[in-house]
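Comments concern the structure below.
The values are calculated or read from the model by the stated rules, or taken from the named source; none is laboratory data. In this text, all values refer to a predicted model and were calculated from it rather than measured experimentally. Here Cβ is always computed from backbone atoms with ideal geometry, including for glycine, and neighbour counts include all displayed protein chains. What goes into the accessible areas is simple: the full protein's heavy atoms, side chains included, and nothing from ligands, DNA or RNA. Shrake-Rupley method; radii C 1.70, N 1.55, O 1.52, S 1.80 Å.
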Amino acid sequence: MTVQPIIFFPDQRLKQICAPVIEFDNALRTLTVDLLDTLRAAPGIGITAPHIGINQRVVLLDLPQSNMPEIYINPEITWLSDNKKQNEEGSISMPGVSAPVERSVTIRFCYTDLYGKEHTEEADGLRSICLQHEIDQLNGIFWIQRLSALRRTRLLTRYKKYITTNFK
């Protein structure tokens, strides 16, 4: 379909809590195709509707170990394991920088598919990390808010330098 322009940090739309999807129609399916095209062009492994300026609860993951992209409509985490691990994270809305973020190793979550059917699943590994990261985004929590103040300040300094150097 169409590669959409990505919204870049510090755009305030990345801090908004997203509205639930209520219409499971062709417009939603077109949005998910656009998200996939945009994600692959970025490149990245996870994207949400807010990354392209749409305030809806839609997540698309295109993980290296998966045969197909995974689409989650209105996802919610219902349980987080106490076992945590640090993983390197970044965002297509904040290119050029990454930092370690601590997340639960395993989660349980519910979501709706493209046709309105509800599902409950567990995830671990990279899928769990990506879902936590992207669902945070739907809840208006940009990933750098999970960093300490010192790490966040250092990362923002690196990001400003990256933007200045690469987007003149």
Remind me, relative contact order of region 1-61 in percent, using alpha carbon pairs under 8 angstrom and six or more residues apart?
45 percent
Counting Lys +1, Arg +1, Asp -1, Glu -1, what net charge surrounds Ile141 among other residues with beta carbon under 15 Å of its beta carbon?
0
In whole percent, what relative contact order does region 74-168 give with Cα contacts below 8 Å and a gap of six or more residues?
26 percent
What are the equivalent ellipsoid semi-axes of region 1-117, built from the alpha-carbon gyration tensor (square roots of five times its eigenvalues), in whole angstrom, biggest first?
22, 19, 14
Keeping all protein chains in the complex and leaving out DNA, RNA and ligands, what accessible area do you get for Arg154 with a 1.4 Å probe, in Å² to the nearest 10?
140 Å²
Between Ser66 and Thr120, what length comes free when the chain is fully extended (0.36 nm per residue of separation minus the Cα-Cα distance, one decimal in nm)?
17.6 nm
Relative contact order [Cα under 8 Å, 6+ residues apart], the chain, whole percent
23 percent
Accessible area (Å², 1.4 Å probe, nearest 10) - Phe167:
110 Å²
In a shell of Cβ-Cβ distance under 10 Å around Leu80, excluding Leu80 itself, what net charge do Lys and Arg (+1) and Asp and Glu (-1) give?
+2
Rounded, prolate or oblate: which fits region 1-70, taking a ≥ b ≥ c as square roots of the Cα gyration tensor eigenvalues, rounded meaning a/c under 1.5, else prolate when a/b beats b/c?
oblate
Most mobile listed residue (Ile107, Ile77, Ile22) in the chain, GNM with C-alpha springs under 10 Å
Ile22
Would you pull out the residues with amide H under 5 Å of Leu63's amide H, same chain only if 5 or more places away, H placed 1.01 Å from N?
Glu70
Considering only protein heavy atoms, what per residue accessible area in square angstrom results for the chain with a 1.4 angstrom probe?
53 Å²
For region 75-145, which whole percent of the accessible surface, found with a 1.4 angstrom probe, sits on carbon and sulfur atoms?
45 percent
